[in-house]
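All remarks here apply to the structure that follows.
The values are calculated or read from the model by the stated rules, or taken from the named source; none is laboratory data. Because the structure is a prediction, the values reported are computed rather than measured. Cβ coordinates were reconstructed from backbone atoms using ideal geometry, including for glycine residues, and neighbour counts include every protein chain displayed. Protein only, heavy atoms only, side chains kept; ligands, DNA and RNA dropped before computing areas. Shrake-Rupley method; radii C 1.70, N 1.55, O 1.52, S 1.80 Å.
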Amino acid sequence: MTTPRKLGFGCMRLPLTDPEDFAKVDMAQVEKMVDTFLEHGFTYFDTAYMYHEFQSEKIVRAALVERHDRSAFTLATKLPTMFLKTEGDQERIFAEQLEKCGVDYFDYYLLHNLNVANYRKVCRFDSFAFAARMKAEGKIRHVGFSFHDSAELLDEILTAHPETEFVQLQINYMDWENESIQSRRCYETARRHGKPVVVMEPVKGGTLARLPEEAEQRFRAVRPELSPASWAIRYAAGLDGVMMVLSGMSTMEQLSDNISYMQHFEPLNAEERAAVEDAVGIINRSIAVPCTACRYCVDGCPKQIAIPEYFALYNNAEQSLNKGFSVQTVYYANLAQTHGRASDCIGCRKCEKSCPQHLPIVEHLRQVAARFDKEE
Ligand code: SF4
Ligand code: SF4
């Protein structure tokens, strides 16, 4: 697989005419952004069945497919594993996606959001075989999957399905060592299996585009001309084996900024990497629950609540500026399938006795429950 430039246009946060309505996309603005993106030599577009209230694929057709030569771009979309009820749904949805996008084939086709539950479903419906059949029929060029779960599950899937050509992972400098997202461990697992990586959420839903002042100053001291978002995208793009970094661009300003440093991409140098490490420390000091993920609290919990994982997700969600779709809710729901929920806490305080940080865990779990158990 050869891809000329490592910035992909994510079509899940397109500009809106009504900020409260994700189906109301500003088409004139999208067309301008698509044209500008292509003019600068970028080609990769990433959409999915349900983005923008199920409208994103149609928007891609109108703004991209019907206005540009098919050879001028590469298109990725995804089988919505979460909506599959029968094996036959795959055929029906795939045909609908070709129609919605107005294409004869997809360059990249992903099984969307593999986690414990969706992978079980994918096994039941033989989705990898379905994708292989579509590939053999010339309707897909490359098959992969997007993933939101543990490195252990990723290893299991890649071992069972060596035919996978690439994986899409959440990677950014804040999640690199995050207990729940496991960016580094998932990345290392994918590379061990020799798979190219597409990066999603490099700017953590916009969180890393607006940093605490101290972190911004640290970056400005090294490269005053660069935006905070540029550090996040260059961090992800510089990793070995990363073939594409997706950015869900919502404005022409964001697009122009991304183009300015990705057109002639340079990985972070040693001085810049040191600045990122410092920024991680600064951002972590500003977080809502200062849990160090030591896990001393976990074993004694009678409800098997995933305490450090939930706190990591809560911290992520609190730092996020994005008040719409919250990816942390997806991770929370995944974990809650095999652990107690935050709202299951009975207040026995066994965990608090073993916490070296002396955190008021019960109180923090109430905050977690208020955010995620309500959101779901
Ligand atoms: S207080 Fe809640 S989280 Fe802590 S051990 Fe008891 S049930 Fe588990
Ligand atoms: S013991 Fe405290 S610091 Fe350690 S993981 Fe549990 S809540 Fe976090």
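Here are the numbers:
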| quantity | calculated |
| --- | --- |
| Condition met for D46 (within 16 Å of G248 (Cα to Cα), modelled with pLDDT of 95 or more and not aromatic (F, W, Y)) | yes |
| Neighbours by Cβ (under 7 Å, 6+ apart or cross-chain): first from the stretch 281-299, in contact (Cβ under 8 Å) with a residue 40 or more places away in the chain; second part of a loop (DSSP other than H, G, I, E, B) and away from ligand 2 (no atom under 15 Å from the Cβ) | I282/P212; I283/M174; I283/L211; I283/P212; S286/P212 |
| Single residue of the stretch 293-327 satisfying the filter (within 16 Å of ligand 2 (Cβ to nearest atom) and of a type in the set (S, T, Y)) that is most open to solvent (accessible area, probe 1.4 Å) | Y296 |
| Within the stretch 66-83, tally of residues that are surrounded by fewer than 19 Cβ atoms within 10 Å (Cβ to Cβ) and either in a loop (DSSP other than H, G, I, E, B) or of a type in the set (V, I, T) (or both) | 4 |
| Which listed residue, of L16, L98, is modelled with pLDDT of 95 or more and either farther than 26 Å from S230 by Cα or of a type outside the set (S, T, N, Q) (or both) | L98 |
| Residue in the stretch 36-58 that is more than 26 Å from G205 (Cβ to Cβ), assigned to a helix (DSSP H, G or I) and not assigned by TED's automatic domain parsing to the domain that holds N334 present | yes |
| Residues of the stretch 87-118 classified as closer than 23 Å to M243 by Cβ and free of Cβ contacts under 8 Å to residues at least 12 places away in the same chain, total | 0 |
| Residue under evaluation L114, criteria (1) surrounded by 19 or more Cβ atoms within 10 Å (Cβ to Cβ); (2) more than 27 Å from Q319 (Cβ to Cβ), criterion not met | (2) |
| Selection count, the stretch 356-376, where residues are within 9 Å of ligand 1 (Cβ to nearest atom) and either within 26 Å of the chain's Cα centre (by Cα) or outside any helix (DSSP H, G or I) (or both) | 1 |
| Lone qualifier among A221, A190, A236, A229 - being within 19 Å of D46 (Cβ to Cβ) and open to solvent by 10 Å² or more (accessible area, probe 1.4 Å) | A229 |
| Sole residue being open to solvent by 30 Å² or more (accessible area, probe 1.4 Å) and part of a loop (DSSP other than H, G, I, E, B), chosen from E152, E177 | E177 |
| Filter pass, I361 being over 30 Å from Y119 (Cα atoms) and more than 12 Å from ligand 2 (Cβ to nearest atom) | no |
| Selected residue (only one of A221, A229, A215, A190 is closer than 14 Å to M262 by Cα, part of a helix (DSSP H, G or I) and in contact (Cβ under 8 Å) with a residue 24 or more places away in the chain) | A229 |
| Pick from the stretch 272-292, criterion open to solvent by 30 Å² or more (accessible area, probe 1.4 Å) and outside any helix (DSSP H, G or I), ranking: farthest from ligand 1 (Cβ to nearest atom) | S286 |
| Subset of the stretch 293-317 (residues that are part of a helix (DSSP H, G or I), out of contact with any Asp or Glu (no Cβ under 7 Å at 6 or more places or on another chain) and within 16 Å of ligand 1 (Cβ to nearest atom)) | I307, Y310, F311, L313, Y314 |
| Residue match in the stretch 62-70 (condition: closer than 29 Å to L158 by Cβ, at pLDDT 95 or above and under 24 Å from the mean Cα position of the chain (by Cα)) | no |
| Of residues in the stretch 328-355 being touching a strand residue (DSSP E or B) at 6+ places or on another chain (Cβ under 9 Å) and not in a helix (DSSP H, G or I), the one least open to solvent (accessible area, probe 1.4 Å) | G340 |
| Filter result (open to solvent by 20 Å² or more (accessible area, probe 1.4 Å) and of a type outside the set (V, I, T)) within the stretch 31-48 | E31, K32, D35, L38, E39, H40, G41 |
| N269, sole failed condition from (1) more than 10 Å from ligand 1 (Cβ to nearest atom); (2) not assigned by TED's automatic domain parsing to the domain that holds F22 | (2) |
| Subset of the stretch 323-355 (residues that are within 10 Å of ligand 1 (Cβ to nearest atom), within 20 Å of P290 (Cβ to Cβ) and in contact with a helix residue (DSSP H, G or I) (Cβ under 7 Å, 6 or more places away or on another chain)) | A342, C345, R349, C351, E352, C355 |
| Tally of residues being open to solvent by 20 Å² or more (accessible area, probe 1.4 Å) and touching a residue at least 60 places away in the same chain (Cβ under 8 Å) across the stretch 193-210 | 6 |
